[in-house]
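Written out below as structure tokens is the structure these notes cover.
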Amino acid sequence: MTERFVTRGFVGRRGGGTDAADLRRRTPPGQYLTTDFPVLSAGPTPRTSLDRWTFSIDGLVREPARWTWAEFMALPAREWTVDISCVTKWTKLDMRWRGVSVDTLLEGVDLDPAAAFVVASCDGGYTTNLPIADVLGNQAFVAYEYDGQPLAPEHGGPARLVVPARYFWKSAKWVRGLRLQARDEPGFWESLGYHNRGDQWLEERYSDD
Ligand SMILES: Nc1nc2c(c(=O)[nH]1)N[C@H]1C(S)=C(S)[C@@H](COP(=O)(O)O)O[C@H]1N2
Ligand SMILES: [Mo]
């Protein structure tokens, strides 16, 4: 039921080598490469214990879905190695994550035909918005491991959304759910002047870009 939304995106630009030409090709406009993993949070790091953690899908679905941590860990998982670009201009290549595809999560619910956008919500109140097409096709996932280790709290642990095809503010840390909506609704940074879509290859940083 979710196939109708799938867009393939920039598959041709993904992956690849690390010689000088490859590195240039893999660096979006206006970005520089880094090997650091900076922390950027709009507030304090929330600490939700795993026995109180749940992940929900609600809004325009026939029945809302909700997983406990144990149930979430039992979902089919896989690894992604992806390049990440932050609007503050750093790009980090080949970041290795493990988690659950958003496709897998949406397979568990019956989408209302009117559902066209998702709003990710988080512990701490942060939100970000995405069209459904931007999170399908196994290009977005809820990660709970980074580089072979449980995701660190400052980087969004226990679990965060990762949307590599968009600037990193769309990758909601401490994510607790996705709400399906008919209408788009700007999230935290999108309401404060950042671009609604945030495609790093088109340099969509601010709302008038
Ligand atoms: N819940 C939540 N998610 C968030 C943020 C935040 O402040 N709160 N910051 C966003 C921004 S602006 C960026 S650049 C990345 C930073 O992730 P990192 O701290 O793991 O580098 O997380 C994004 N996700
Ligand atoms: Mo950011």
*Interchain or long-range residues, amide H under 5 Å from residue 145's placed H*: 98, 151
*List the aspartates and glutamates whose Cα lies under 16 Å from the Cα of residue 89, skipping any in the same chain that are fewer than 8 positions away.*
36, 199, 203, 204, 209
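Rounded to the nearest whole Å², what accessible area per residue is found for the chain with the 1.4 Å probe?
Details: 10000 Å² over 209 residues.
Result: 48 Å² per residue.
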*Got a sec? Charge dipole of segment 89-129, +1 on Cβ for Lys and Arg, -1 for Asp and Glu; which of 116, 102, 126 is way out at the positive end?*
126
_Shape of segment 5-150, Cα gyration tensor, a/c cut at 1.5_ = prolate
*asked:* Just to confirm the filter: which trypsin sites (Lys or Arg not before Pro) across segment 135-185 are DSSP coil and have at most 16 other Cβ within 10 angstrom of their Cβ?
replied: 183
*Considering the dipole of segment 32-84 built from charges on the beta carbon (Lys and Arg +1, Asp and Glu -1) around the Cα centre, which of 61, 41, 77 is farthest to its positive end?*
61
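Nearest 500 deg cm²/dmol is fine: what mean residue ellipticity at 222 nm does the chain get from its DSSP H runs of n ≥ 4 alone, each adding -39,500 (n - 2.57), divided by its residue count?
Details: 5 runs with 25 residues, N = 209.
After summing the helix terms and dividing by residue count, I get -2500 deg cm²/dmol.
Using a/c under 1.5 as the rounded threshold, could you call segment 63-209 rounded, prolate or oblate? The axes a ≥ b ≥ c are square roots of the C-alpha gyration tensor eigenvalues, and prolate needs a/b larger than b/c, oblate otherwise.
Values: a/c = 1.64, a/b = 1.11, b/c = 1.48.
Cα axes put segment 63-209 in the oblate bin.
Tell me which trypsin sites (Lys or Arg not before Pro) from segment 36-138 have a DSSP coil assignment and no more than 10 other beta carbons within 10 Å of their own. Don't skip to the answer; put the middle values down first.
Details: sites: 47, 52, 62, 66, 78, 89, 92, 96, 98; in loops: 47, 52, 62, 89.
Of the trypsin sites (Lys or Arg not before Pro), the ones in loops of segment 36-138 whose Cβ has at most 10 other Cβ atoms within 10 Å are 47, 52, 62.
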*asked:* Can you find, among 50, 163, 87, the residue sitting farthest towards the positive end of the charge dipole of the chain, where Lys and Arg contribute +1 and Asp and Glu -1 at Cβ?
replied: 87
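How many percent of the accessible area of the chain is carbon or sulfur, using a 1.4 Å probe? Don't jump to the answer; show the numbers that get you there.
Details: 5080 of 10000 Å².
Here it works out to 51 percent.
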_Extended-chain gain in nm, criterion 0.36 nm per residue less alpha-carbon gap, residue 51 and residue 66_ = 4.0 nm
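In debye to the nearest 20, how big a dipole does the chain give about its Cα centre with +1 on each Lys and Arg Cβ and -1 on each Asp and Glu Cβ? All intermediate terms of the calculation are to be shown ahead of the outcome.
On the way: 25 positive and 28 negative charges, 50 e Å.
It works out to roughly 240 debye.
The values are calculated or read from the model by the stated rules, or taken from the named source; none is laboratory data. Computed from a predicted structure; not experimentally measured. In this analysis, Cβ positions are derived from the backbone assuming ideal geometry, glycine residues included, and neighbour counts consider all displayed protein chains. These area figures cover heavy atoms from the full protein model, side chains too; ligands, DNA and RNA do not enter into them. Shrake-Rupley method; radii C 1.70, N 1.55, O 1.52, S 1.80 Å.
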